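Everything below concerns the one structure shown next.
Values quoted throughout were computed directly from the atomic coordinates according to the rules given, and no laboratory measurement underlies them. Predicted model, so just to flag it, every value in this text is computed and none were measured. Glycine gets a Cβ as well: all are built from the backbone with ideal geometry, and neighbour counts include every protein chain shown.
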Amino acid sequence: MTSTTPITGRRLRIGIGGIGIESSTFCPHRSTADDFRQTRGQDLLDRYTWTRPDSDLAEHVEWVPLLHATSLPGGPVEAESYLILKNELVTRIREAGPLDGLVYDIHGAMSVIGLTDAEGDLTEAVRAALDHNGTPDDPAQGRPMISTGMDLHGNVSRRFAEPIDLLTAHRLAPHEDAWDTRERAARNLVHCLREGARPHRAWVQVPVLLPGEKTSTRLEPAKSLYASLADIEQKDGILDAAMWVGYAWADEPRCKAAIVVTGEDAELAAQEAESLARRYWDARKDFLFVGPTGRAEECVDKAVASDKRPFLISDSGDNPTAGGAGDLAYMLGKLLENDAIRTGKVTAVHPGITDPVAVARCFEAGVGAEVTLSVGGKVDANHGGPYELTGTVEALQRAADQKDRAEGGAYDRGVDMAAVRVGGLTVILVERRKPFHTLADFTGPAEGGLGIDPRTYDVVVVKIGYLEPELHDMAADWLLALTPGGVDQDLLRLGHHRVERPLYPFDEDAYEDAYEGGAGPDLTPVIL
C-alpha cells in the first residue's frame with residue numbers, strides 16, 4: 001500500500017459522474033445520446049442517500065456533481081453520441097477545480113462503435129482530466145483517487161482497472177444491492193482519502209463467460225461464491241473483494257469473468273484473489289439456468305396446460321434490460337399459434353414489443369377500435385420479421401402520464417403504450433424500448449393508466465431473463481424460454497469471434513488438454 005498525507009483538516013472535494021449502459025454487439029439496435037437519462041447539478045446529488053445534508057458524510061465531504069448518464073441496455077453506442085457524453089464528463093471534471101477523488105458511477109459493459117474497450121477509453125480520459133486538476137493541497141497527498149461501483153455483469157480489463165484506485169461490484173443478481181454498491185464505493189473512497197491510504201489491487205481475469213441467467217445469486221454456486229466476498233473483506237489488511245461474471249453478449253477480448261481484491265496487504269490480497277478465481281474456475285460447469293428452460297413452443301404449451309396462475313414465461317433472447325432490441329415478435333407468434341390462447345379459452349398478456357408506428361396507429365384509432373397492425377421485427381429483422389395481426393385496442397397511455405412515478409433511473413422513462421387484444425391475448429406495444437419489471441409498469445398511474453393487472457391473466461410473457469423481485473413474487477410458476485435475439489442464452493449460436501480464446505464454454509476442454517494433469521489456466525493475480 002502506498003501511503004500519502006491523510007486529508008483531515010478540511011472537507012474533501014469529491015466529484016460524482018459516469019456513463020453507464022450494457023451493450024450487446026449482437027443487437028442491431030444502436031444507442032444514441034437521446035437514450036441516456038442525463039443528470040447534472042442537484043438532480044445528480046439527489047440520486048444518492050449518502051450525499052444528503054443529513055448524511056454522516058456531509059461534514060467531511062463536499063460532493064461535486066459532474067455528469068451522470070445512464071441508459072436502458074441496448075445495442076452499441078454510436079461513436080458520435082459517446083464522444084458527446086465523454087467530452088462533457090471530461091470537460092466538467094477539468095472545470096470543477098481541484099478534486100480529491102471521483103465516485104465513478106458506471107455499469108462496465110458499454111460497447112461503442114469503433115472501440116474494443118469503451119470503459120478503458122473513457123477511464124483513461126477521466127484519469128487524465130483528474131490528474132490535470134491535481135489536488136487542493138500539497139503534492140504529498142498524491143493524485144486524486146477514483147472509486148467505482150459497478151454491475152457484476154461488467155467487464156474488467158487491465159487497461160480499465162489500472163487507472164482506478166478502488167473497484168467494487170454488486171453482490172446480488174438480481175441487483176437488489178445496486179444502491180448499496182454505489183454507497184460502498186463512496187465510503188471506501190472517503191475512508192482512503194481521510195486515512196491517507198492507497199491500497200493494492202490484486203486483479204485477475206478468469207477465462208469463463210456465462211450469461212447472467214446462469215449466474216444468479218439465488219442459486220449455487222454463485223450464491224456461495226458471492227456470499228464469501230463479505231467474509232474476505234473482513235480480514236485484516238483487506239478493504240474490498242469483488243467478482244464480475246462479465247458480459248456475455250459482447251464480442252470483445254475483455255469479456256470474461258474477473259476478480260479484484262483490494263487491501264493494504266498485497267500478498268494477502270493476491271492470495272485471496274487467486275483462491276476466489278480458482279473456486280470460480282472449478283465451479284464453471286456447475287452453473288445452471290436460474291429456472292427451468294425450454295423452447296418457446298414448449299414453454300407456451302406447459303403454461304397453458306398448468307393450473308398455476310399466473311404462469312410467467314421469460315422471452316429471454318429479446319430482453320431489453322440485457323441489451324436486446326425489444327422489438328422481436330417471435331414470442332407473439334408462438335402465443336397466437338396456441339389454440340387455447342387464440343380462441344380465448346386461456347388469457348395471456350405479452351408486454352413490451354417496441355413499435356412506434358403501431359402505437360401511433362392505435363392512438364389514431366382509439367380505444368375500442370379494430371386495428372390491423374404489422375408488429376415488431378423492424379429493428380431486429382433476423383428472427384421472423386414483423387407479425388401481422390388484427391385486434392381491438394383495449395387501452396392507451398401517454399408517456400406524460402407516467403412521469404410522476406419516475407425515480408431517476410433509465411428504466412423509468414415514460415413511453416406511449418397501447419394494449420391490443422387478439423382472442424385471449426393482450427399484447428402491450430411501446431413506442432420506445434421499455435422493460436416490464438413491476439406491477440406499476442403494467443397498471444400505470446392510478447388514473448389514466450393502462451389498467452392491466454398481470455395477476456388476473458393465466459399466462460404472462462415478459463421480455464426478461466431471470467425474474468425481477470416483483471415478478472418473481474407474483475409468479476405461481478415460471479419458465480425461461482430460450483428464444484432467439486441479441487441476448488440469446490445459447491452463446492454458441494451467436495457467433496463470437498473476437499473474444500480471447502480459450503474461453504469456457506466455447507472451448508470446454510481446452511485447459512484440460514493444454515496443461516499437464518488438467519491444472520487449468522494460470523490464475524496468478526497482477527498487483528496494480
Using alpha-carbon coordinates, inclination of helix 118-133 to the longest axis of the chain, degrees: 40 degrees
Positive-pole candidate from Y511, S228, I93, dipole of the chain, charges at beta carbon: I93
Packing-based exposure ordering (other Cβ within 10 Å, fewest first) of K214, K345, K434: K345, K214, K434
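Using unit Cβ charges (K, R positive; D, E negative) and no other charged atoms, how large, in debye to the nearest 20, is the dipole of the stretch 293-488 about its Cα centre? If you can, show how the numbers build up before the last one.
On the way: 19 positive and 30 negative charges, 25 e Å.
Value, rounded to 20: 120 debye.
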Lys/Arg +1, Asp/Glu -1 at C-beta; the chain dipole; positive extreme among V64, A248, P174: V64
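Ranking Y466, Y504, Y104 by Cβ neighbours within 10 Å, fewest first, what do you get?
Details: Y466 26, Y504 20, Y104 31.
The order, fewest Cβ neighbours first, is Y504, Y466, Y104.
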In order through the stretch 164-174: 3J(HN,Hα) via Karplus (6.51 cos²θ - 1.76 cosθ + 1.60), integer Hz, x for Gly, Pro: 9, 7, 9, 10, 8, 8, 4, 10, 10, 9, x
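Suppose only helical runs count, i.e. DSSP H with n ≥ 4. What mean residue ellipticity at 222 nm does that imply for the chain under -39500 (n - 2.57) per run, divided by all residues and rounded to the nearest 500 deg cm²/dmol?
Working: 14 runs with 137 residues, N = 528.
Taken over the chain, the calculation gives -7500 deg cm²/dmol.
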D_trans [Stokes-Einstein, Kirkwood Rh over alpha-carbon pairs] for the chain, 4 °C, 1.567 mPa s, µm² s⁻¹: 54 µm²/s
Acute angle (nearest 10 degrees) that the helix 178-195 long axis makes with the longest principal axis of the chain, alpha-carbon atoms: 10 degrees
Relative contact order (percent, whole number), the chain, Cα cutoff 8 Å, 6+ residue spacing: 17 percent
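If each residue's Cβ is checked for other Cβ atoms within 10 Å, how do I527, I464, I113 rank with the fewest at the top?
Values: I527 12, I464 26, I113 17.
By the 10 Å Cβ count, ascending: I527, I113, I464.
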Residue-by-residue Karplus 3J(HN,Hα) for the stretch 284-301, coefficients 6.51, -1.76, 1.60, Hz, glycine and proline x: 4, 8, 8, 6, 10, 4, 5, x, x, 10, x, 5, 3, 4, 4, 5, 5, 4
Candidates per GluC sites (Glu not before Pro) in the stretch 42-138, loop by DSSP, up to 10 other Cβ within 10 Å: E59
Backbone HN-Hα couplings from phi across the stretch 22-33 [Karplus 6.51/-1.76/1.60, Hz, Gly and Pro as x]: 10, 10, 8, 6, 9, 9, x, 4, 10, 8, 10, 4
5 angstrom amide H check on A197, placed H, neighbours 5+ away: T4
Relative packing of peptides 287-296, 324-333 - highest average C-beta neighbours within 10 Å first: 324-333, 287-296
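Note down the relative contact order for the stretch 293-488 as a percent, whole number, built from C-alpha pairs under 8 angstrom at least six residues apart.
Working: 496 pairs, mean separation 74.2, N = 196.
38 percent.
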Amide hydrogen neighbours beyond the local backbone of E22, cut-off 5 Å, H modeled: G74
Global form of the stretch 275-372, assessed from the alpha-carbon gyration tensor, a/c cut-off 1.5: oblate
Distance violations [Cα-Cα > 21 Å] among K434/K463; K256/K463; K345/K434; K223/K256: K256/K463; K345/K434
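Taking the Cα centre of the chain as origin, work out the dipole magnitude from +1 charges on Lys and Arg Cβ and -1 charges on Asp and Glu Cβ, in debye rounded to 20.
On the way: 54 positive and 84 negative charges, 126 e Å.
The calculated dipole for the chain is roughly 600 debye.
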For the stretch 293-488, the Rg and Dmax computed from alpha carbons only, in angstrom: 15.0, 42
Residues with amide H under 5 Å from that of I313, placed H, sequence gap 5 or more: V460, V461, V462, L479
